[in-house]
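> Please see the structure below; I have some questions.
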Amino acid sequence: MTTEHSQRRFADLLTATVIAAYVLVALGTAVSTTDSAAACSAWPTCSTDPIIGSATGDTLLYWGHRVAALVAGCLVLASGLAARRVEVNRRVAALIGCALVLFPVQVLLGATIAVGGPSVAGPVHLAIAMTIFACLLVALVFTLDDGTLEEETDRLTPTPESPTSGDDAGGDPATAPQPTGRGARLKRTIGAYLTLTKPRLMWLLCLVALAGMGLATLSGATLEPSTALATLAGGVLAIGASGTFNHVYERDRDRRMNRTSDRPLVHDLVPARNAVAFGVGLTAVSMAVLLTWVNALAAVFTLAAIGYYAVLYTVVLKPNTAWNTVLGGGAGALPAVIGWVAVTGRVGLPAVALAAVIFLWTPAHFYSLAIAYRDDYARGGFPMYPVAEGVAAARRHIAFYLGATLLAASGLGWVAGLGWVYGITSVALGAVFLRSVVRQFRQPTDEVALRSFYVSNYYLGAILLAIVLETLVVAG
C-alpha cells in the first residue's frame, strides 16, 4: 500500500525533475544564441583532450548546459523508477515514459550538434527539450492534483443583482471624510483623477514597451532617446485612458467589491461625465504625441490597445465569460508590438514572440489574484475562472499557462538571439515562479495564491529588465 509520505516524496522528485528540465531548456537556448556552441567542438568533452578547457564565459555556459543535461537525465530516470514503485495513474506513467523515451534522443541530437551536424538538428533539439519539459510538467500537475484531495465543489455564482448593503456595499459616500480646506479638496480631486488612470499598471506595461524597443535594436534599427520618451509618454496616456474607461463602466459593480470599494467613482469624487471626458482627452493627447513624434502605425496599435481593454475586455469579455482573462491578455501584450513598431515602423517576429510571452503569462499571473479574491469577484458579478470553474481547475490552469509562458520565454530568447543575461534571469526567476505555483497545490490558501501573484510580477519584471539590459546596455 502506497503511503502518503511516499506520494509526497514522489511529487518532490517530480518537481525537481520539472525544474531541471526547464533549466536545461533555458540554458540550451542561451547556448544556441551565443558563441558558446563554438567554444566546444567535441562531445562529451569540449576538445579532443579529456579536460574542460579554458574557463571562458562561453565555455562555462556550454559546460553548464551539459551539467544541466546530466542532472536532468538522472532525475528523469529516477522519476521513471519511482513511478514504478509508487501508485501513479496511467496518465502520469505515460507522460513520464514519454520523457524517458525522448531524453536519449535529445542526448544524441546534442552530440550531433556538438560535432557539427546538420543545421536542422538545432531546432529539433530545442523542440524535443520543450516536449520533455511539457510532459513532465503535466505529469506533475496531475500528481499534485491527485494529492490535494480537494472537492471540486468550490464554484461560485456571480450575483451582480445582489443588494449592496452593509460591508459589501463599499461604503457610503455621504459618510466618507470630507476635506475642509480648498487646498485639501484640490489635492483630493487630483488624487482621484490620478487613481482613475491605474498608475500601478503603468510601470510594467511601459517596461514591456521598452523591452519591445530594445528588441528592435537587435534588427539593426537605432533607438533615438526622443522616440523612446515619446513612445512611453504616449503609452502612459493610453494606459490612463483605458483605466479611466474601465472605472466608468464598472463603477456599479465596484460598489459591491471590497477590493474596489474605495475607487473615486464609487464615492462620487469624480462625476462619471467628467471621467469620460478625461479618458477621451487622454486618448486624444496620446494619439497626438505618437503621431507627432513616433509614427502612425504605433498610434494605430495604441488606439487598438485602448479599445481592446476598454471595450473588448471591460464591456464584452469580463462580465460575460470565464475566459475573460485569457482572451483579454492581448491588451497587455500589444505594448510589446508598439515598442518594436515605434523603432522600426513595422511588425517583427521578436515583437510577436514577446507579445506571446505576455499573453500566456497573463492567466498564470491573474488567476492567482482571482483565487484570493474569488468571493469579491462573485459579489461583483464577474465570472472569473476561479469563480465559474472552481479553485482546483484554476490552479491547474495556472500551472499549464506557467509552463507555456516558460517555453514561450525560451522561444523568445531563441528567436531574438538573446544571450546569457536573459538566459540566467529566465532560469532563476522561472524556477522561483514555478516553485510558487507548486506551493499552491501543497498549501491551497488565499495567502499562498496572493504570494504567487506577486512572484509572477517579479518574474515578468525581471525578464523584461534582462531584455533591456541585454539589448540597450550590453549590446550597446
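> I'm trying to understand the selection: among the residues of the range 192-209, which are of a type in the set (A, V, I, L, M, F, W, C), open to solvent by less than 40 Å² (accessible area, probe 1.4 Å) and closer than 20 Å to Ala230 by Cα? Before the answer, list the steps.
Here is the first cut: in the range 192-209, the ones of a type in the set (A, V, I, L, M, F, W, C) are 192, 194, 196, 201-209.
In the following step, the residues that additionally are open to solvent by less than 40 Å² (accessible area, probe 1.4 Å) were identified as 192, 196, 202, 204, 206-209.
Within the range 192-209, Met202, Leu204, Cys206, Leu207, Val208, Ala209 meet the criteria.
> Picking from Val120, Val101, Val71, which residue would you name as being of a type in the set (Val, Ile, Thr) and either in contact with a Ser or Thr (Cβ under 9 Å, 6 or more places away or on another chain) or touching a residue at least 12 places away in the same chain (Cβ under 8 Å) (or both)?
Values: Val120 fails: either in contact with a Ser or Thr (Cβ under 9 Å, 6 or more places away or on another chain) or touching a residue at least 12 places away in the same chain (Cβ under 8 Å) (or both); Val101 fails: either in contact with a Ser or Thr (Cβ under 9 Å, 6 or more places away or on another chain) or touching a residue at least 12 places away in the same chain (Cβ under 8 Å) (or both).
Only one candidate passes the filter, namely Val71.
> Can you tell me which residues in the range 349-378 are farther than 21 Å from Asp254 by Cα and either open to solvent by 10 Å² or more (accessible area, probe 1.4 Å) or out of contact with any helix residue (DSSP H, G or I) (no Cβ under 8 Å at 6 or more places or on another chain) (or both)? Talk me through it step by step, then tell me what you get.
Here is the first cut: in the range 349-378, the residues farther than 21 Å from Asp254 by Cα are 349-365.
Those that are farther than 21 Å from Asp254 by Cα and either open to solvent by 10 Å² or more (accessible area, probe 1.4 Å) or out of contact with any helix residue (DSSP H, G or I) (no Cβ under 8 Å at 6 or more places or on another chain) (or both): Leu349, Pro350, Val352, Ala353, Ala355, Ala356, Phe359, Leu360, Trp361, Thr362, His365.
> Can I ask one more? Considering Ala392, Ala333, which residue is open to solvent by less than 20 Å² (accessible area, probe 1.4 Å), assigned to a helix (DSSP H, G or I) and modelled with pLDDT under 95?
On the way: Ala333 fails: modelled with pLDDT under 95.
Exactly one of Ala392, Ala333 is open to solvent by less than 20 Å² (accessible area, probe 1.4 Å), assigned to a helix (DSSP H, G or I) and modelled with pLDDT under 95, namely Ala392.
> Hey, which of the helices (runs of 4 or more DSSP H) in the range 216-297, taking only ones fully inside, have at least 2 residues that are in contact with a Ser or Thr (Cβ under 8 Å, 6 or more places away or on another chain) and within 30 Å of Val341 (Cα to Cα)?
On the way: elements: 225-249, 251-254, 272-293.
Because the criterion is at least 2 residues that are in contact with a Ser or Thr (Cβ under 8 Å, 6 or more places away or on another chain) and within 30 Å of Val341 (Cα to Cα), the helices (runs of 4 or more DSSP H) in the range 216-297 that meet it are 225-249, 272-293.
> Please state which of the following conditions Tyr401 fails to meet, knowing it meets all the rest: (1) open to solvent by less than 30 Å² (accessible area, probe 1.4 Å); (2) part of a helix (DSSP H, G or I).
It fails just one condition, (1).
> Being surrounded by 21 or more Cβ atoms within 10 Å (Cβ to Cβ) and in contact (Cβ under 8 Å) with a residue 40 or more places away in the chain: is that true of Thr227 here?
Answer is no for this residue.
> Related question: Looking at the range 412-454, which of its residues are open to solvent by less than 50 Å² (accessible area, probe 1.4 Å) and touching a Pro at 6+ places or on another chain (Cβ under 8 Å)?
Scanning the range 412-454 gives Leu412, Ala416.
> Then there is this: Scan the range 415-440 and report the pairs whose first residue is farther than 16 Å from Tyr454 by Cβ and whose second residue is not in a helix (DSSP H, G or I), with Cβ atoms within less than 7 Å and a gap of 6+ or a chain change.
Ala416/Leu218; Gly417/Leu218; Gly419/Thr34; Trp420/Thr34
> Which condition from (1) out of contact with any Asp or Glu (no Cβ under 9 Å at 6 or more places or on another chain); (2) modelled with pLDDT under 90; (3) assigned to a helix (DSSP H, G or I); (4) open to solvent by 30 Å² or more (accessible area, probe 1.4 Å) is the one that Ala111 breaks?
Exception for Ala111: condition (4).
> Determine whether Gly214 is under 19 Å from Leu334 (Cβ atoms), modelled with pLDDT of 95 or more, crowded, with 21+ Cβ neighbours inside 10 Å and touching a Cys at 6+ places or on another chain (Cβ under 8 Å). Spell out the reasoning first.
Numbers: under 19 Å from Leu334 (Cβ atoms): yes; modelled with pLDDT of 95 or more: yes; crowded, with 21+ Cβ neighbours inside 10 Å: yes; touching a Cys at 6+ places or on another chain (Cβ under 8 Å): no.
Taking the combined requirement at face value, the residue does not satisfy it.
> What's the total number of residues in the range 309-330 that are over 16 Å from the mean Cα position of the chain (by Cα), of a type outside the set (A, V, I, L, M) and surrounded by fewer than 21 Cβ atoms within 10 Å (Cβ to Cβ)?
The number of residues fulfilling the criteria is 4.
> Can you find a residue in the range 258-273 that is within 27 Å of the chain's Cα centre (by Cα), open to solvent by 30 Å² or more (accessible area, probe 1.4 Å), under 14 Å from Gly191 (Cα atoms) and not β-branched (Val, Ile, Thr)?
Residues of the range 258-273 that are within 27 Å of the chain's Cα centre (by Cα), as a first pass: 258-260, 263.
Checking the rest, the ones that are also open to solvent by 30 Å² or more (accessible area, probe 1.4 Å) come to 258-259, 263.
Okay, now just the ones that are also under 14 Å from Gly191 (Cα atoms), so 263.
Going one step further and asking which of them are not β-branched (Val, Ile, Thr), we end up with 263.
Looking through the range 258-273, at least one residue is within 27 Å of the chain's Cα centre (by Cα), open to solvent by 30 Å² or more (accessible area, probe 1.4 Å), under 14 Å from Gly191 (Cα atoms) and not β-branched (Val, Ile, Thr).
> Kindly list the number of the only condition in (1) over 20 Å from Asp12 (Cβ atoms); (2) open to solvent by less than 10 Å² (accessible area, probe 1.4 Å); (3) assigned to a helix (DSSP H, G or I) that fails for Leu465.
Evaluating Leu465 over (1) over 20 Å from Asp12 (Cβ atoms); (2) open to solvent by less than 10 Å² (accessible area, probe 1.4 Å); (3) assigned to a helix (DSSP H, G or I) leaves (2) as the failure.
> Would you please list the contacts, defined by Cβ atoms under 6 Å and residues six or more apart or on different chains, that run from a residue in the range 343-359 that is closer than 11 Å to Met213 by Cα and in contact (Cβ under 8 Å) with a residue 24 or more places away in the chain to a residue that is among the hydrophobic types (A, V, I, L, M, F, W, C) and outside any helix (DSSP H, G or I)?
Correct list of pairs: Val343/Ala221; Val343/Leu223; Thr344/Ala221.
> Take the range 59-103 and flag every residue that is under 20 Å from Thr131 (Cα atoms) and basic (Lys, Arg).
Arg66, Arg90, Arg91
The values are calculated or read from the model by the stated rules, or taken from the named source; none is laboratory data. Bear in mind that the values here come from a model prediction, so they are computed numbers and not experimental data. Positions of Cβ are backbone-derived with ideal geometry, glycine not excepted, and every protein chain shown enters the neighbour counts. Accessible surface areas use protein heavy atoms only, side chains included; no ligands, DNA or RNA. Shrake-Rupley method; radii C 1.70, N 1.55, O 1.52, S 1.80 Å.
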